Protein chains: 2
Amino acid sequence: MMETLSTSTAFGGTQGVYCHASTATGTDMTFAVYVPPHAPDARLPVLWFLSGLTCTHANVMDKGEYRRACAEHGVILIAPDTSPRGEGVPDDDAYDFGQGAGFYVDATEQPWAANFTMKRYVEDELPALIAAEFPMADMTRQGITGHSMGGHGALTIALRNPDRFRSVSAFAPIVAPLHCPWGEKALTGYLGPDRADWRAYDACALIADGARVADILVDQGEADGFLDEQLKPALLADACAAAGIELTVRMQPGYDHSYNFISTFMPDHVAWHAERLRRA
Amino acid sequence: MMETLSTSTAFGGTQGVYCHASTATGTDMTFAVYVPPHAPDARLPVLWFLSGLTCTHANVMDKGEYRRACAEHGVILIAPDTSPRGEGVPDDDAYDFGQGAGFYVDATEQPWAANFTMKRYVEDELPALIAAEFPMADMTRQGITGHSMGGHGALTIALRNPDRFRSVSAFAPIVAPLHCPWGEKALTGYLGPDRADWRAYDACALIADGARVADILVDQGEADGFLDEQLKPALLADACAAAGIELTVRMQPGYDHSYNFISTFMPDHVAWHAERLRRA
């Protein structure tokens, strides 16, 4: 089922890296799980962190600085890869398409459809594996966050599954793939030219089409070089305002698109989710 | 003098990476500096972090999780490289000798003597550059720490220069290069076979020979695979007990030799130094 690649004690808990043969993607998939210190019979809420373009499970594990906050709040953090990888898996020379750029969609176009099924993988297959392999994970209390492309993933997955992901936040998310170069390229490539098929993968379109969550936290660096062309948090603000969704967008002066930005505000996001995932 | 390779806002301060042409090593040397948020006229204490075998300036910058604590305590952190590097610089195929393994000595053996001058570099040249280029750095208040080979560097540099480095700590340090395979290999290679020449580069020997500091903090993981053969904290405990140096060794159950160990206890070390580097 699942192979343990490494475990290491951190902040009183265990940072592990695991691998399994994914039915969804048809490849081996690697992911990271941090389990904080806990009582033997404890059941802990789960926070998903979806990473951005080019990342694997390792980027946030190495640079995200989430373990201290997760240990403090008693939250499990899971970091999947951003796409299937390996020989025999289609790829593209660009950094923003193909391997490392799965965009959290189920591709319908060739040659991507067979492996690029990151929606199914993150929404269904990996949660089922976590439930089976990590008995302390309380899958009735899941939250989701992510960075950039992974912020897009977090927002769209939460909006499509508000009963399963009870809290959502994002770091510098792509809020509207229909209206930015990264999104238009990826969705054209994975889903084909009919933009109606893209709306399930666009947070603003999902909201316009009726999807709802209770509230959203977004941090966005003002010195982020992708802000104006790719990220466009104002589009999310407009969509949430029209829909009555409580959105907090914090513009952070001086911060760029890097893990220095993410790690700085990680404690706030872990606390945001922990508060919403406390047992009722 | 100094070239800025990158800067990025983090925890309200600035994480920078810089490069300069070193006179000591005869090479370009890269280092990282984190300057915490501070008042315009503030003068801040400086903490050096010396890294272990194979590391560059980047390992602790990426994985050390020091910025939050440095911002909280108002401490500048500087992470040098562990050796000269590049074409034309002697090297060895082993991970524990040559480039990435400078051992914080001034080599006397050939072909190492021309470039492997990390003692001079860390003790003299880089502090002078920092003083010139970072006006907020109060060089009368320097502390030093490090990991493994870098813990050896921190201990020996502090013991040789107690007036310049007012606080010292270490993570899983090599405490006695005279009595472990890593140390014997490196000191033989860089200094030659006369073990009397090694004593200035062995914390326990320095203490036996009369060097003193006020107190030392050491954290050591009990699950560290290098503990018994290479690190041997009991030798430092014996040396400090005989010399009347106040040593705190914290054996940490479950922790290995990785940055998961370092990052977990980094806040305690930053606080240890901050307390000792407060303006009198």
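We did not get these values from a lab; they are worked out from the coordinates using the rules stated. Keep in mind that this is a model prediction, so the values were computed, not measured. All Cβ positions, glycine included, derive from the backbone under ideal geometry; neighbour counts span all protein chains shown.
Per-residue ellipticity at 222 nm from helix content only, as computed over chain B with -39500 (n - 2.57) for each DSSP H run of at least four residues, stands at -8500 deg cm²/dmol.
With the simple spin-label model, which puts each label point 7 Å out from Cα in the Cβ direction, the residue B:278 to residue B:72 separation comes to 1.5 nm.
Extension gain for residue B:197-residue B:5 works out to 65.4 nm (0.36 nm per residue, less the C-alpha to C-alpha distance). Orientation-averaged projection of the protein assembly as shown equals 26.7 nm² [convex hull of Cα atoms, one quarter of hull surface area]. Beyond 31 Å, the tail of the calculated P(r) for chain A holds 20 percent of the Cα pairs.
When all alpha-carbon pairs of the range B:66-184 are counted, what percent fall beyond 20 Å? Looking at the range B:66-184, the distances longer than 20 Å represent 46 percent of pairs. Placing +1 on the Cβ of every Lys and Arg and -1 on the Cβ of every Asp and Glu, with no other charges, gives the range A:179-280 a dipole of roughly 420 debye about its Cα centre.
Plainly put, the tip 7 Å out from Cα toward Cβ on residue B:3 is 4.2 nm from that tip on each other copy, the closest given first. When the Cα positions of B:73, B:48, B:25 are compared along the charge dipole of the range B:1-76, B:73 comes out farthest toward the positive end, with charges on each C-beta of Lys, Arg, Asp and Glu. Applying 0.36 nm per residue to the separation of residue A:120 and residue A:241 and subtracting their alpha-carbon distance, the gain on full extension is 40.6 nm.
The magnitude of the dipole of the range A:2-278, with charges of +1 and -1 set on the Cβ of Lys/Arg and Asp/Glu and taken from the Cα centre, is near 760 debye.
Which of these, A:255, A:34, A:201, has the largest mean-square fluctuation under a Gaussian network model of chain A (Cα springs below 10 Å)? Sorting by GNM fluctuation, first place goes to A:255. Phi angles across the range A:59-69 convert, under the Karplus curve 6.51 cos²θ - 1.76 cosθ + 1.60 with θ = phi - 60°, into 3J(HN,Hα) values of 4, 6, 4, 7, 10, x, 6, 8, 5, 4, 5 Hz, Gly and Pro given as x. Of interest is the spacing of the C-alpha centroids, which for the range A:28-81 and the range B:110-164 amounts to 36 Å. Normalised by 2.2 N^0.38 Å, where N is the number of residues, the alpha-carbon radius of gyration of the range B:149-261 equals 1.01. Compared with the rule-of-thumb size 2.2 N^0.38 Å for a compact globular protein, the range B:73-139 has a Cα radius of gyration ratio of 1.29.
Computed over the range A:236-280, the P(r) curve from all C-alpha pair distances, binned at 5 Å from the origin, holds 5, 17, 17, 19, 22, 16, 4, 1 percent per bin.
Label positions at residue A:178 and residue A:42, each projected 7 Å from the Cα along the C-beta direction, are separated by 4.3 nm. Distances between copies at residue B:163, taken between label points 7 Å from Cα along the C-beta direction, are 7.5 nm in increasing order. Between copies, the label points of residue A:92, set 7 Å from Cα on the Cα→Cβ line, lie 4.8 nm apart, reported in increasing order to one decimal in nanometres.
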